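Reviewing the structure listed below.
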Amino acid sequence: MTDVMQPSVDAGPPALDVRLRLYQMMVEMRDFEKRAYDLFLQGLVKGTSHLGLGQEAVAAGFGAALAPSDYTFATYRGHNHTLARGVPMAPVMAELMARQLGLMAGKGGSMHLTSVAHRMMGSYAIVGAHLTIANGAAWSSKLRGAPEVTVCFFGDGTTNIGAFHEALNLAVVWNLPIVFVCENNRWMEYTPIGSVTAVPHPAADRAPAYGLPGIVVDGNDADATYAVAVAAFARARGGGGPSLVEAETYRHGGHSRADPGKYRPDEEVAAWLERDPLPLYRQRLLQAGVPEQALVSIEEASHRAIDEATELAKASPPPDLSLVEKDVYADGGAAWRR
Amino acid sequence: MAEMSYRDAVAHGIAQEMRRDPSVVFLGEDIGSAGGVFKATVGVLDTFGRTRVFDTPISEQAILGAAMGAAMTGMRPVAEIMFSDFFAVCWDIVANEIAKTRYMTNGQVTLPLVIRSGNGGGSRFGAQHSQSVENWAMAVPGLKVVAPSTPKDVVGLLAAAVRDTDPVLFFEQKSLYATKGEVPDGEIVDELGKASVLRQGPAATVVALAAMVPRALAAAERLAQEGIEVTVIDLRSLVPLDVTTVATSVARTGHLITVEENPRLCGWGAELSSIIAEENLFDLDGPIVRVTTPHVPLPAADALEDAALPNVDRIVDGVRRSVL
């Protein structure tokens, strides 16, 4: 029913500079999310947050394959995808910490990370909606004749909401340059996706119904996600239309905030921790002959970067209260009467 | 100057803007080849072709999502939701996504888009194809809400909506599609948030919107025969809301009557009444009266629907209750 791709076998591994970049991106994402969790426990990250710990190889693989003018749409679990577009850590962490320095000066919060300057077109917190919006960006690229592609990330739970189905159909009918990426981490919030879905692959198995390729990829293998991304983006950019990728992965933590994820069987968690994408990739690079010092340098630079970002965010004051009534409308204000 | 139907004014207004600005594209169900289910977009596809006019599947979320994504990346889409009742199946895109994204992103995202929709009763279509939902839209920060009552206003306000940098919900009242009016030649561009004073009279201020405007005018005519001369204001836009024009008139007349097609609870007249009561209480010489559809779904049978919607008798009675 679905095309299961084995890209590292088919095409060989990515070039060394790409692989080091993939490793760097994943290390930075991991450091960022671990710090976000620590700061949450300290009461410094407010509200809610949904961490991407364990799912780094998806955001990194696709992020590394994007051109600067391409568009990214992500979900409320979107820290990794935002960092993958080159958005600096400090404004992202400051947004989580509700500070003036925040990416949106604290007006959006963890679930709505957006940096239009980086073509990170938003993180959306209503399941499914952003697939339709991502279509619009891809449609716009086509209308303008611009060689841009759009990548849209979402979770497995999204595959059972109407907007998912509306979006896939229209993307194919309009032959849009878009790649849909389902991060199947097996659990919606507290319920396993397999227990509420009619087919084994919640995303890829639906693809044939809408006439687009459904590709299953190991979402914990950065070489594999990168190779699939390169192929799918090339297809979209070349006028070949949309693709639907299902990346099989696992979140190391709970759904959000302090959820310990205890509803998941211990053996399942242990098995997936064995397949943690970071040590897996580190080991592979060492085996490929990359000197360990090169990897240690990446790790140390990332540790310094997250420390600096944390300090910058902590030093930032809360947002100016004038922001409450700013930017409801395009005139910059909130006036609704004359 | 030409006489034109409200229906034809829609296509005329869309064409005016598409001719002017190549970034304006038009999408929706049955809008192209079929010319719209109300025949309000006849000829637009023939004029602009399939690179700018897009017939869509019955996928209201996909329609409005596409409009939003295109608007945030350089286009100015005009989307149609065939019946405003169908906003209920895509309200997430309207209320959570389109309305809030500028604010949530601290002004990074701009959404210059228009959503046109056939609104309101009078067609005997029953409860799921007859609602007046302008008050839903008005309740969501971030949206602008427009509802013209004449062909000229359709063209001018549609142009203003397309050129506006904010998302605008543009309600076309279905019961007005067949009505006719003079439309000046050449480009027409109006202004959002400006009410029209259609008739001046010292006895009371009657404020109406869309299909309730001709009824309010008819009521004013009947009252004039009894020697009661009232002012009639066509609000035209709910957001921005032209409070100044209404308050200025109430200061002269001392009486406010609102005529609303939406069901009573939280209708736009309630907001307007509360503003006048809060800010202009001592201008009032009688109770504010709201003439509305009662808090019911609209029934299908003509006799029942006519009894539910505000009519001339009820407006006349409403004025009397305020002034006497």
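The values are calculated or read from the model by the stated rules, or taken from the named source; none is laboratory data. Predicted model, so just to flag it, every value in this text is computed and none were measured. As a convention, Cβ positions derive from the backbone with ideal geometry for all residues, glycine included, and neighbour counts pool all protein chains shown. Please note that ligands, DNA and RNA were not included when accessible areas were found on the heavy atoms of the full protein model with its side chains. Shrake-Rupley method; radii C 1.70, N 1.55, O 1.52, S 1.80 Å.
Quick notes
- Top-ranked residue in the range B:90-120 [being facing chain A (nearest Cβ under 8 Å) and outside any loop (DSSP other than H, G, I, E, B); ranked as farthest from the chain's Cα centre (by Cα)]: B:MET104
- Annotation for the range A:118-132: no member residue is among the aromatic types (Phe, Trp, Tyr), within 12 Å of chain B (Cβ to nearest Cβ) and more than 16 Å from the chain's Cα centre (by Cα).
- Criterion (closer than 24 Å to A:LYS107 by Cα, in contact (Cβ under 8 Å) with a residue 24 or more places away in the chain, within 14 Å of another protein chain (Cβ to nearest Cβ) and part of a helix (DSSP H, G or I)) met by exactly one of A:LEU323, A:LEU312: A:LEU323
For every residue, the table says whether it meets (1) surrounded by 24 or more Cβ atoms within 10 Å (Cβ to Cβ); (2) modelled with pLDDT of 95 or more.
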{"residue": "A:GLU189", "(1), (2)": "no, no"}
{"residue": "A:PRO202", "(1), (2)": "yes, yes"}
{"residue": "A:PRO208", "(1), (2)": "no, yes"}
{"residue": "A:ALA227", "(1), (2)": "yes, yes"}
{"residue": "A:ARG237", "(1), (2)": "no, yes"}
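- For the range B:44-75, the tally of residues that are of a type outside the set (Ser, Thr, Tyr), within 9 Å of chain A (Cβ to nearest Cβ) and open to solvent by less than 20 Å² (accessible area, probe 1.4 Å) stands at 12.
- For B:GLU182: the one exception among (1) touching a Phe, Trp or Tyr at 6+ places or on another chain (Cβ under 7 Å); (2) over 27 Å from B:LEU304 (Cβ atoms); (3) not aromatic (Phe, Trp, Tyr); (4) not in a loop (DSSP other than H, G, I, E, B): (1)
- Test: residue in the range B:20-30 that is under 26 Å from B:PRO184 (Cβ atoms), among the hydrophobic types (A, V, I, L, M, F, W, C) and away from every other protein chain (no Cβ under 14 Å): no
- Residue that is within 12 Å of another protein chain (Cβ to nearest Cβ), at pLDDT 95 or above, under 22 Å from the mean Cα position of the chain (by Cα) and not in a helix (DSSP H, G or I), where the choices are A:GLU183, A:GLU148, A:GLU166: A:GLU148
- Looking only at residues in the range B:225-241 that are within 11 Å of another protein chain (Cβ to nearest Cβ) and buried (at least 24 other Cβ atoms within 10 Å of the Cβ), the one that is nearest to B:SER273 (Cα to Cα) is B:LEU238.
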